[in-house]
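For reference, the structure is listed below as structure tokens.
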Amino acid sequence: MSFFSIPELFRPAHPMFAENKRYFKSLDQFQPVEEYEFVVFDTELTGLHERQDEIVSIGAVRIKHMRILAGETFYAQVKPEKPLPKNSTLVHRITPQQLEAAPPLEEVLPRFIDYCGKALLVGHFVDLDTAFLNRACKRLFGSPLHNPCIDTLRLAQIHMERFGVPYRNKIDGGHSYNLTELSRQYGLPAFVPHDALQDALQTAYLFLFLIKKFQGEGYRTLREIFRAGQGSRWAL
């Protein structure tokens, strides 16, 4: 049976949704940021149209005590429902042949939800990734993810606006918050772009770098860092 044709009455309930809804409703935001667990993730897509395009891979890394746990990564390719567009292959280098043996999203998504657990989620332009994930979660489980999300793009904007000099794109002089360019600017380790796991690692290094910068400015609790970005779309 196709993922998109699962009857609503027969959707299996994933216990993590109800658990997380209760857990995050009473989340204590006043602890030092080191006390929280984070899952930094990225998705590769067939395109950017939320209703027409699909997830073809998910990558994630776990952060505890502000350290990346190298042995606890998540990566899975996903077989899409529709043929893989050639243009998307040029971006993420995943071929139709590679995806032939990949599991469908209804098999990968529960494993990713289990991996995330009660961690806060981190992504670069995280709204895009969560839009695709939540659309799939609603279809498969009847519920979106309840894990709060932090956007490193927004963190970088706040840091540059408050404490630094915005990086300007060499082409048109505009501000650039591209993940690769930000990482290069801050002297962070370089990873292969447009690979879900590599981008998750790149984002994790950027997240740790920016959090340390915020801590140096006196923002030490999760709530303080959140309040520094009031007006953003953080789900806290």
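Filtered by the rule that a residue be farther than 23 Å from residue 45 by Cβ and in contact (Cβ under 8 Å) with a residue 40 or more places away in the chain, the stretch 56-66 gives 63, 66. Checking every residue in the stretch 76-83 against the condition of being outside any loop (DSSP other than H, G, I, E, B), out of contact with any strand residue (DSSP E or B) (no Cβ under 7 Å at 6 or more places or on another chain) and not aliphatic (A, V, I, L, M) gives zero matches.
Of the residues 17, 38, which is modelled with pLDDT under 95 and among the aromatic types (Phe, Trp, Tyr)? Every option except 17 fails the conditions. Scanning the stretch 131-185 for residues being in contact with a strand residue (DSSP E or B) (Cβ under 6 Å, 6 or more places away or on another chain) and modelled with pLDDT of 90 or more gives a total of 5. If only residues of the stretch 108-139 that are of a type in the set (A, V, I, L, M), over 27 Å from residue 156 (Cβ atoms) and touching a Phe, Trp or Tyr at 6+ places or on another chain (Cβ under 9 Å) are counted, the one that is surrounded by the fewest Cβ atoms within 10 Å (Cβ to Cβ) is 113.
Against the condition at pLDDT 90 or above, surrounded by fewer than 14 Cβ atoms within 10 Å (Cβ to Cβ) and on the phi > 0 side of the Ramachandran plot, how does residue 231 come out, does it pass? Here the answer is no, as residue 231 does not meet what is asked.
The values are calculated or read from the model by the stated rules, or taken from the named source; none is laboratory data. Model, not experiment: these values are computed from the prediction. Neighbour counts are summed over all protein chains in view; Cβ atoms, including those assigned to glycine, are modelled from backbone coordinates with ideal geometry.
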